[in-house]
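Below is one structure, written out as structure tokens; comments come after it.
The values are calculated or read from the model by the stated rules, or taken from the named source; none is laboratory data. Nothing here was measured: the structure is a model prediction, and the numbers come from that model. Counting neighbours? That spans all protein chains shown, and the Cβs are built from the backbone with ideal geometry, glycine included. Just so you know, the surface numbers come from the protein's heavy atoms only, side chains and all, with ligands and any DNA or RNA stripped out. Shrake-Rupley method; radii C 1.70, N 1.55, O 1.52, S 1.80 Å.
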Amino acid sequence: MYPFVFKPILKEIIWGGTDIRPFKGLEPSDAKIGESWELSHVEGNYSIVANGSLEGKTIDELIESYGAKLLGKKVMDQFGKTFPLLIKFIDARDNLSIQVHPDDELAQKRHQSFGKTEMWYVVKAAPDAILYSGFSSQIDADEYVRRVADNTIMDVLQCYEVKEGDVFFLPAGRVHAIGAGCFIAEIQQTSNITYRIYDYNRKDANGNGRELHTELAKDAIDYTVSDDYRTHYQSKKDEPVELVQCKYFTTNLLDIDQPMNRDFSLIDSFVVYICMDGTASICDDKGNELTVHQGQTVLIPAEVQHVSINPSPEAKFMETYIA
């Protein structure tokens, strides 16, 4: 095996924009691309290898063929033959609905699925772009139901103005929404279970509102209130900076203008690199080398122990694995 890149799965969505294709170096288009699924093992949306001798193979076929050599034995013990992360870019030109995702226990009980814990990294944002994360004041399940019914649920959601580099960790159960003008990289558990809480009373051409999952969401929501839902970190040049560490993924930010060596001999996990800016070559300990540019996502197999990253002249990555 070698470092893999995959064909992006572009999702044309009514609220999407036109920034994803040029960000990734693809031909521009007027199509409203809301999401690019960079690395997916969601049924019906399997990523397909775009480079090397295994070009054309799906992520599912790679797992069947290589198992722990690709994922890591520890990862397979925890998640089986499922690639446990879904990597996306999201370009929102309109406000997305207010949502919540169930945790593993509830998702397994209701949907035979993993839950969805996720994180956002703001790639860029319009001057007035906002997003929502968590509650701004304490409510309970009964008040939640009442506020959805009387259209006041927005009054108790925490709103943030955002800028490039902002990070939000969203454990399962936290209410959230991406606002218009946000371009985001998202790392999440492999799950497509979403409960829609509120959709601003928007109507379709026939005057119908979108389905809300009020009762399902009621039991999935974590009603705990925090002082601040933003993830704070200090960016550093040529030094890994931890953004998120949880049982589902660890994510570091690498902002480099010098070669960097990374040692993965102790983690027993695949590693994903999401190139946020610039260009770099990634070389593994087998001598395989791959040049990566902004907007590309690379999967490093678990059997790789060391990689070297050589920017030309600068590059910024999110590095993700299962610790």
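Key figures for this structure:
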| item | result |
| --- | --- |
| Computed accessible area, residue 27, all protein chains, 1.4 angstrom probe, square angstrom | 140 |
| Taking the chain and dividing mean pair separation by its residue count, relative contact order in percent (alpha carbons under 8 Å, at least six apart) | 19 |
| GNM top mover of 105, 303, 242 - the chain, alpha-carbon springs below 10 Å | 105 |
| Debye equation applied to the C-alpha atoms of the chain, log10 I(q)/I(0) at 0.07, 0.13 Å⁻¹ | -0.28, -0.98 |
| Solvent-accessible ranking of 132, 66, largest area first, probe 1.4 Å | 66, 132 |
| Cα-Cα separations in region 1-131 greater than 17 Å, expressed as whole percent | 67 |
| Charge-dipole axis of the chain as Lys and Arg at +1 and Asp and Glu at -1 on Cβ define it, positive-most pick from 120, 82, 251 | 82 |
| Rounded if a/c under 1.5, otherwise prolate or oblate - region 1-53, Cα gyration tensor axes | oblate |
| Violating pairs (Cα-Cα greater than 23 angstrom) within the set 74/116; 24/124; 109/203; 88/163; 116/316 | 109/203; 116/316 |
| Projected-area average for region 218-323 over all orientations - Cα convex hull basis, square nanometres | 8.3 |
| Set of lysines with alpha-carbon distance to residue 69 below 18 Å, sequence-local pairs under 8 removed | 57, 81, 286 |
| Accessible heavy-atom area order of 48, 184, highest first, probe of 1.4 Å | 48, 184 |
| Accessible surface ranking that places the most exposed of 289, 61, 38 first, with a 1.4 angstrom probe | 289, 61, 38 |
| Derived scalar couplings ³J(HN,Hα) [region 292-309; Karplus, 6.51 cos²θ - 1.76 cosθ + 1.60; whole Hz; x for Gly, Pro] | 10, 10, 3, x, 9, 10, 10, 9, 9, x, 5, 5, 6, 9, 9, 10, 10, 10 |
| Distance between region 6-66 and region 242-294 - C-alpha centres, whole angstrom | 20 |
| Charge dipole (debye, nearest 20) of region 175-253; +1 at Cβ of Lys and Arg, -1 at Cβ of Asp and Glu | 200 |
| Accessible solvent surface per residue of the chain, calculated while the other protein chains remain in place, 1.4 angstrom probe, Å² | 43 |
| Region 64-188 - percent of accessible surface contributed by carbon and sulfur, probe 1.4 Å | 46 |
| Estimated inter-spin distance, residue 45 and residue 263, nm [label 7 Å along Cα→Cβ] | 3.8 |
| FRET efficiency estimate (nearest 0.05) - Cβ-Cβ, residue 128 to residue 78, R0 30 angstrom | 0.15 |
| Residue of 206, 45, 192 that the Gaussian network model of the chain assigns the largest fluctuation, springs spanning Cα pairs under 10 Å | 206 |
